[in-house]
Amino acid sequence: MQLQSEKPFQIFLQSRDLQIPTRTLTLTPTPSYTLRHLKRSLFPAAAAADSPDLYFTLNGKPLQDSTPVAGSGVPPLSTLVLRCRLRGGGGDGGATGAESRDCYLNMYAEKKPDKVDPNEQRLSKWLNCALSSEPLREPCVVDKLGNIFNKQALVEALLGKKLPREFGYIKGLKDMVRIKLTEIPGLEDDVSGGGGARYQCPITGLEFNGKYKFFALRTCGHVLSAKAVKEVKSSSCLVCHEEFDELDRIVINGSEEEVAVLRERLEGEAKLRDKKAKKVKNGEVVAGGEEITQLTGAKRGIDVKVVEKASVKVDENGKVKNGGVGVKGVTPNAAKRFKATDMVPQNATKEIYASIFTSSKKGGFKETYSCRSLPLAHERSSARISFDFWVLAVVLFVRDRVWRIGANLGGPDNSRMSVLSKSDSVLIRDVWDYNLEDEFSLIREIVDDYPYIAMDTEFPGMVLRPVGNFKSSSEYNYQTLKANVDLLQLIQLGLTFADEKGNLPTCGTDKYYVWQFNFREFNLNEDVYAHDSIDLLSQSGINFKKNNEVGVDANHFSELLMSSGIVLNDCVHWVTFHSGYDFGYLLKVLTCQSLPSTQSGFFDLIKMYFPVLYDIKHLMKFCNSLHGGLNKVAELLEVERVGVCHQAGSDSLLTCCTFMKLKENFFSGSPEKYAGVLYGLGVENGQNGY
């Protein structure tokens, strides 16, 4: 009975020892077809076909002649290398160097394993999937220990539950990072790859072959060489400019020490997840007995469904009879004991406020949760008095909160808004060519009362990088900025106006205004752009076709901006985040010229048009607890976003709110001495960049 043959597949064969170049073989083997049959097909008339002196290796590891070609023995598109074993003694049967017969027998008693070629093994690790040993091909993913996989092979193994034990820490694709490899030009159509590297660093051009260290960035997935990261010091990706931290860098195929560090980090993240999983919602006790003091509400990430209606009874002495069990799973000792003086209203005397709840002469009585204890002779009326004082405390507390809210809002008729107001009260006004002059007339009316202007731009990414020798990283950063700004076009500009306390203008309405200018110059069909950036902006809702049709003309915008009072005005404070490119595009629009060739010329224009500016990214250097991009900093400061991320209006509003919170918490409301510095450009030692 004839065995059914497998589906045809291709492999690559090469032999440096026999000077055979890389060639492609298409095989349709049966299950019994082995490497011995393959060797005979290569040397049909040679006696050496069955000789053990010729053997195959795969990924640097020798293979037995009995290894089946079909199945999992030799994966499709893998490279087989035909090697020759070199015999000692010259092959003439002469002296072996042995002084006795016993020494000769001991020398050949056990067959020594063939040595693994370290170069071939290294190449295999960097060119092939760590799971299937097939050549890497898009899409690729990397785990948190730096191993690279073909995504398809990994998904099939996860679905079939065939993942090897060594990769047992991978539970799903959420544990992986999708990476973006840069192919070497000219190898896009080369399927075999010639046995060499197929990918390279997009910045330095170093080959992805194991000779150089490479990092994968968890935030964006780009793969960069360690040399690029070291020489161009930046906290953002050198390809897409997305922010990343030190912990976001994953060493690819690292050394044992580097893998140990990554494994320790992975175990720490797993312990943290387990600890969070054991926490019971809203103030319940962790498995280890640790007390949790969290507030309820969706903003704090607490499921309010676990909070049940409290059922508290007070006995004659004003004490809680049922142990205070009103919240699911909370024991009497799980919460911090309340003290009356913990929440003293503003301008109130601490002792007088405390006297509402406690006796001025304690004597031998104990204080209860909410009011003072009474002598036993008053047992009948004590519970009622306890309740009355508790109600009085609630009334005072509510009155205090209402007073505070009224102070922030300035009453119902106030025309200003706290930067932390609800999103339904904010209106992001899209500005087009047909309403440009009307919107600028509103801006001219409010600029004197709202001199803090938070600014953000959207542009087509980065497409150019300068080549040459640079005096410093800031010089390299500026030349990169200039090359891209001079070539590309501005897409959106967002402006948020605020006063010194962070209040926003309403212009006589019941909404708080933020402006978003949409420009017409960028053409998706004609202009150069970075695909990742445009895809991100499209997903964020920017309509490029509408921008071309009814967008703002940059020259008309420049004329109105010059006469608006928001530039060339040292009373205006510009607020930005990592804003070298933002000011670059704005200067290009204002001057209708290319940027100056030097940093000093650039900062001369900045000083003239924007005399006072703050870059939050620079201010963060003086705030030890802050790190990351704008979204991360806003999250750390508990500032909520209004609008769509990656649209200029929403980003400028988030920048404004973040700056006000930063100014209040870290700089006592006065960061003037840190003004004038743009992160990554010019002076970065905390002094004025001008």
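The values are calculated or read from the model by the stated rules, or taken from the named source; none is laboratory data. Just so you know, these numbers come straight off a predicted model, no measurement behind them. Cβ placement follows ideal geometry from the backbone for every residue including glycine, while neighbour counts extend to all protein chains displayed. These accessible areas exclude ligands, DNA and RNA; they are computed on the full protein's heavy atoms, side chains included. Shrake-Rupley method; radii C 1.70, N 1.55, O 1.52, S 1.80 Å.
What pairs in 511/617; 151/213; 144/621; 275/632 have C-alpha atoms more than 25 Å from each other?
Check vs 25 Å cut-off fails for 511/617; 144/621.
Can you list the residues, at least 5 places off or on another chain, whose amide H is less than 5 Å from the amide H of residue 575, using H built in the peptide plane?
453, 454, 455, 614
Taking 0.36 nm per residue of separation and subtracting the Cα-Cα distance, what length does fully extending residue 545 through residue 159 add?
Length gained, residue 545 through residue 159: 134.7 nm.
For the ranges 520-531, 657-668, 213-224, what's the packing order if you count other beta-carbon atoms within 10 Å of each residue, average per peptide, and put the highest first?
With the highest mean Cβ count within 10 Å placed first, the list reads 213-224, 657-668, 520-531.
Before I look further, what does segment 513-621 give for accessible area per residue, probe 1.4 Å, in whole square angstrom?
40 Å²
Label residue 568 and residue 53 with points 7 Å out from Cα along Cα→Cβ: what is the distance between them in nm?
With each label point 7 Å from Cα toward Cβ, the separation is 9.0 nm.
Give the calculated FRET efficiency between residue 472 and residue 166 to the nearest 0.05, with a Förster radius of 56 Å applied to their Cβ-Cβ distance.
Between residue 472 and residue 166 the formula returns 0.80.
GluC sites (Glu not before Pro) within segment 430-517: which are DSSP loop residues with at most 15 other Cβ atoms inside 10 Å?
Here the GluC sites (Glu not before Pro) that fit, given the DSSP loop and packing criteria, are 500.
Could you give the length gained on full extension between residue 270 and residue 119, defined as 0.36 nm per residue of separation minus the Cα-Cα distance, in nm?
Full extension from residue 270 to residue 119 adds 50.9 nm.
Between residue 507 and residue 18, with labels modelled 7 Å along Cα→Cβ, what's the label distance in nm to one decimal, could you check?
8.0 nm
Picking from 234, 148, 182, whose Cα lies most toward the positive end of the charge dipole for segment 145-252 (charges on Cβ: Lys, Arg +1; Asp, Glu -1)?
Toward the positive end, the furthest listed residue is 148.
Given contacts defined as C-alpha pairs under 8 Å and at least six residues apart, what's the relative contact order of segment 481-616, whole-number percent?
Relative contact order here is 28 percent.
Set the Förster radius R0 to 41 Å, insert the Cβ-Cβ distance between residue 85 and residue 152 as r into 1/(1 + (r/R0)^6), and round the FRET efficiency to 0.05.
Between residue 85 and residue 152 the formula returns 0.65.
Using 7 Å Cα-to-Cβ label points, what is the residue 635/residue 668 separation (nm, one decimal)?
So the label points at residue 635 and residue 668 sit 3.2 nm apart.
Starting from 0.36 nm per residue, how many nanometres of slack lie between residue 528 and residue 449 once their C-alpha separation is accounted for?
Extra length from residue 528 to residue 449 when fully extended: 24.4 nm.
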